Amino acid sequence: QFLLQESDLGQNRAEASQRALAELNPHVVVETHSGELSEAFLASFQVVVLTESPLEEQLRIGNFCHAQGICFIVADTKGLAGQLFCDFGGRFVVDDPAEEDPVSAAVQHISQGNPGVVTCMGTEDFQDGDLVTFSGVQGMTELNSQEPVPVRVLDASRLEISDTSSFSPYRCGGLVSRVRPEECSHEPLCQALEKPKIEVANPEDEPRSRSLHAAFQALHAFRRERGRLPRPRAPAEAERVLELARRLGAQQGPLDENIVRAFASVSAGDLCPVAAVLGALAAQEVLK
């Protein structure tokens, strides 16, 4: 990885990386933990991301996080392949599932009252019952952290919202934005592995995706069996991974055996560019 030097050989990777990582953003506190990933330790987090983690640990921590409402992500790379799994719990709200152009208006004034009235620059794109959020409001800052509230359109420049009588007086600024949240449910890892759903944009890619999914599971089985990953370019060990993949993926359909062999042959390698791409995708999921 990018943060280590030759002089760091033999040290704990997290501790050796901490200083350089913390310098990337002085507004973020970066701490290390080299003890057990116990339930007591994990319970304080909103999101848990596992990398290079054995399947048994993924299942244990994934079940705990799902039960506790903690978002759970698995991100891993092996050679030229990578995997990313997300479990955001049984009730995860997507603010704008359609990814439409946002509907928003600049706020000019918000009254204190029940209901409160928002005066803004044009309400033609809002409709009665729309849910809105506020940002950048000065003075009546309680609105900035409030959950989405319904509006009623009074006229071309005024929206009626919920009770603002107990809020601080409005001073200036702010943006009112429409959101259309949609609730979705995520399965825990143990269920996702039992009945994997392979969905690809191009049907021709399905055998490859299905084969890689089975290959990752076979790699965990190989590691339990041998205590290590397959040696690079070792045909006999690649064949053993293929044999395990056939057993694990038997119900999912035929495998692309060349993909599984190639995956097994390079799975012991770590490549910074591959880790960077998958890490960026994982980071976006964390931000969600």
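A few remarks follow.
- A Förster distance of 35 Å, applied to the separation of the beta-carbon atoms of LEU4 and PHE45, puts the FRET efficiency at 0.90.
- Equivalent ellipsoid, the chain (semi-axes from 5 times Cα gyration tensor eigenvalues, Å): 48, 24, 17
- Counting only alpha carbon atoms, the long axis of helix 235-248 and the longest principal axis of the chain meet at about 50°.
- Long-range tail of P(r) for the range 84-182 (Cα pairs > 16 Å, %): 55
- Net lengthening on full extension, GLN112/GLN68 (0.36 nm per residue, minus Cα-Cα): 12.0 nm
- Accessible surface of the chain [probe 1.4 Å, protein heavy atoms]: carbon and sulfur percent: 50
- Accessible-area value, ARG226, 1.4 Å probe, nucleic acids and ligands omitted, Å²: 100
- To the nearest ten degrees, helix 257-266 and the longest principal axis of the Cα atoms of the chain are 90 degrees apart.
- For the chain, the longest principal axis of the alpha carbon atoms and the long axis of helix 206-226 meet at an angle near 60°.
- Angstrom value of the Kirkwood radius, inverse mean 1/r, which spans all Cα pairs in the range 151-288: 19.6
- The range 152-187 versus the range 30-49: alpha-carbon centroid distance in Å: 36
- Counted over the range 29-140 with a bin width of 5 Å, the fraction of Cα pairs per bin, in whole percents, is 2, 8, 14, 14, 10, 10, 9, 10, 10, 8, 5, 1, 0.
The values are calculated or read from the model by the stated rules, or taken from the named source; none is laboratory data. Source: prediction; values computed, not measured. Cβ atoms come from the backbone with ideal geometry, glycine included; neighbour counts cover every protein chain shown. SASA here: full protein model, heavy atoms, side chains in, ligands and nucleic acids out. Shrake-Rupley method; radii C 1.70, N 1.55, O 1.52, S 1.80 Å.
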